[in-house]
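Please read the structure below before turning to the comments.
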Amino acid sequence: MTKAAAPNPVQVGQLLTYTFVVSNTGTAPLTNLLISEPIPASTTLVSTNAPVGFTTTETPAGNPTLVTFTTPSLAPSSSATITVVVRVLGSAGPSVTNIATAIADGVAPVSATTTVTVQRGG
């Protein structure tokens, strides 16, 4: 799994987009794929986008601190691109770090981390 964040640096109040790609480089489908995306405490969720065949769940509903994306199967030699857009709040420190994790049946979990510098106007 790869993950990117843009823009970097980000201004307080600005939208920050996380884009991650989960790839199946094997010869068999990845089954019961689950991608977990914790929403950093100093941000608020704006939107998500996942490919057809994925189910998106926001927990808790209304003001989520965790978003999960699930699909029954990811075909061999294929990939899925997911985006999560958050707004950086005034409570953000000098940086925002985010870790996404992907798990599937029979394979070890993989994680991807991004850290974005937060700038304040003025």
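Just so it is clear, none of the values below were taken in a lab; they were calculated from the coordinates. Because the structure is a prediction, the values reported are computed rather than measured. Note that we place each Cβ from the backbone using ideal geometry, even for glycine, and neighbour counts take in every protein chain shown.
The equivalent ellipsoid of the stretch 40-91 has semi-axes of 25, 12, 8 Å, largest first, where each one is the square root of 5 times an eigenvalue of the Cα gyration tensor.
From least to most packed, judged by other beta carbons within 10 angstrom and beginning with the fewest, Ile39, Ile99 follow the order Ile99, Ile39.
Comparing Ser79, Ser91, Ser23 in a Gaussian network model of the chain, where Cα atoms under 10 Å apart are tied by springs, the biggest mean-square fluctuation is seen for Ser91. Reported to the nearest whole Å, the Cα centre-to-centre distance from the stretch 90-105 to the stretch 1-76 is 10. Across the alpha-carbon atoms of the chain, the computed radius of gyration and Dmax are 15.0, 53 angstrom. For the stretch 1-54, the equivalent ellipsoid built from the Cα gyration tensor has semi-axes of 27, 13, 9 Å, listed from largest to smallest. 3J(HN,Hα) along the stretch 89-102: 8, x, 7, 5, x, x, 8, 10, 10, 9, 10, 9, 10, 10 Hz, from the Karplus curve 6.51 cos²θ - 1.76 cosθ + 1.60 with θ = phi - 60°, whole Hz, x for Gly and Pro. Exposure proxy ranking for Phe54, Phe69, based on other Cβ atoms within 10 angstrom of each Cβ and starting from the fewest, stands as Phe54, Phe69.
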